[in-house]
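Peer 1: Take this structure, written in structure tokens, and hold onto it; I'll ask about it next.
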Amino acid sequence: MSYDVKMYRAILEERLNSKRFNHSLNVAESAKELSERWGYENTEKAYVTGLLHDICKNDSEQSQLEMVRKSSRAVNSIDLITPPLYHAIAGAWYVENKLGIRDDEILDAIRYHTEGRANMTLLDKIIFTADIISADRDFSDVSHYRELAKNDLEQTVLEYLAFSIEDVLGKKICLSTHSINAYNSQIMHTKKG
Ligand SMILES: [Fe+2]
Ligand SMILES: [Fe+2]
């Protein structure tokens, strides 16, 4: 399938504020680089997935929730009461139903880019990681994650899952069951390797 990247960029520019639009372009670039580094052959698909991953991020919470309710992608009771998770689920719904991209590999990578899931695909891991290390990110450990992502993609995903789970525990908010499953799955996966 070929992708109308120019059109997607125009739609994103309209839907997102300039900071989020810039982030989306950077995540797309990082996703392309990671796919070259880690042998994901369809680099254009990785680029497009990265580009679109936050397409609903600036929508109102209400509008995101409406799309979350329509989603068929494993939305559970924890997801429904955790607004920061909505945009990923809504994004997958929007890309499928408004942009007409009916590719589950792309749609799932968007849906799970914040939570992760058990048995993440290579594209899931690329988008999850690209979102952490993109050029606009400036959190304190970002250079550590950028280095790690060049050397060990599995460990990058595992470490960041552990970091975000600890963060959630510290805030005493609900912990995504998809994230717990992702964490356990990465532990088993990295031990095997
Ligand atoms: Fe996001
Ligand atoms: Fe993002």
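Peer 1: Just to check your reading of the model, which residue among LEU85, LEU34 is of a type outside the set (D, E, K, R), part of a helix (DSSP H, G or I) and in contact with a Phe, Trp or Tyr (Cβ under 9 Å, 6 or more places away or on another chain)?
Peer 2: Numbers: LEU85 fails: in contact with a Phe, Trp or Tyr (Cβ under 9 Å, 6 or more places away or on another chain).
None of the others qualify; the one that does is LEU34.
Peer 1: Are there any pairs with C-beta distances below 6 angstrom linking a residue in the stretch 149-167 that is of a type in the set (Gly, Ala, Ser) to a residue that is surrounded by 14 or more Cβ atoms within 10 Å (Cβ to Cβ), with the two at least 6 apart or on different chains, and if so which?
Peer 2: Listed pairs, sorted by first residue: ALA149/THR129; ALA149/ILE133; ALA149/THR156.
Peer 1: Of all the residues that make up the stretch 128-158, how many are part of a helix (DSSP H, G or I), away from ligand 1 (no atom under 15 Å from the Cβ) and under 21 Å from GLY39 (Cα atoms)?
Peer 2: Here is the first cut: in the stretch 128-158, the ones part of a helix (DSSP H, G or I) are 128-133, 142-151, 153-158.
Those still in the list that are away from ligand 1 (no atom under 15 Å from the Cβ) too: 142-151, 153-158.
The next check asks that each one be under 21 Å from GLY39 (Cα atoms); those that pass are 145-151, 153-158.
Residues that pass the stated criteria total 13.
Peer 1: Considering only residues that are assigned to a helix (DSSP H, G or I) and without any contact (Cβ under 8 Å) to a residue 24 or more places away in the chain, look in the stretch 39-64 and name the one that is nearest to ligand 2 (Cβ to nearest atom).
Peer 2: Of the stretch 39-64, the ones assigned to a helix (DSSP H, G or I) are 43-52, 61-64.
Filter once more, so that each one left must be without any contact (Cβ under 8 Å) to a residue 24 or more places away in the chain: 43, 62.
Details: THR43: 19, GLN62: 21 Å.
This residue is THR43.
Peer 1: Now, a different point. Mind listing whichever residues of the stretch 103-127 are of a type in the set (A, V, I, L, M, F, W, C), closer than 16 Å to TYR40 by Cβ and part of a helix (DSSP H, G or I)? Don't jump to the end; show me each part of the working.
Peer 2: At the first step, the residues of the stretch 103-127 found to be of a type in the set (A, V, I, L, M, F, W, C) are 106-107, 109-110, 118, 120, 122-123, 126-127.
Next, from what is left, pick out any that are closer than 16 Å to TYR40 by Cβ: 106, 109-110, 120, 122-123, 126-127.
Within the stretch 103-127, ILE106, ALA109, ILE110, LEU122, LEU123, ILE126, ILE127 qualify.
Peer 1: Given the options ARG15, ARG102, ARG111, ARG20, name the one that is of a type in the set (Lys, Arg) and away from ligand 2 (no atom under 14 Å from the Cβ).
Peer 2: ARG102
Peer 1: Exactly one condition in (1) away from ligand 2 (no atom under 16 Å from the Cβ); (2) of a type in the set (A, V, I, L, M, F, W, C); (3) buried (at least 16 other Cβ atoms within 10 Å of the Cβ) is not met by ALA31; state its number.
Peer 2: (1)
Peer 1: Of (1) more than 12 Å from ligand 1 (Cβ to nearest atom); (2) touching a Gly at 6+ places or on another chain (Cβ under 6 Å), VAL27 satisfies all except one. Which?
Peer 2: (1)
Peer 1: Still on this structure, please answer the following. Kindly provide the set of residues from the stretch 114-150 that are within 14 Å of the chain's Cα centre (by Cα), of a type in the set (Ser, Thr, Tyr), under 19 Å from ILE187 (Cβ atoms) and within 16 Å of ligand 2 (Cβ to nearest atom), ordered by number.
Peer 2: Listed by number, the list holds a single entry, THR129.
Peer 1: Confirm whether ALA88 is closer than 11 Å to ILE106 by Cα, within 14 Å of ligand 2 (Cβ to nearest atom) and in contact with a Ser or Thr (Cβ under 8 Å, 6 or more places away or on another chain). Give the derivation first.
Peer 2: Details: closer than 11 Å to ILE106 by Cα: no; within 14 Å of ligand 2 (Cβ to nearest atom): yes; in contact with a Ser or Thr (Cβ under 8 Å, 6 or more places away or on another chain): yes.
In short, no.
None of the figures in this text is laboratory data; all of them are computed from the coordinates on show. Values in this document were obtained by computation on a predicted structure and should not be read as measured data. Neighbour counts run over all protein chains shown; Cβ positions are idealised from the backbone, glycine included.
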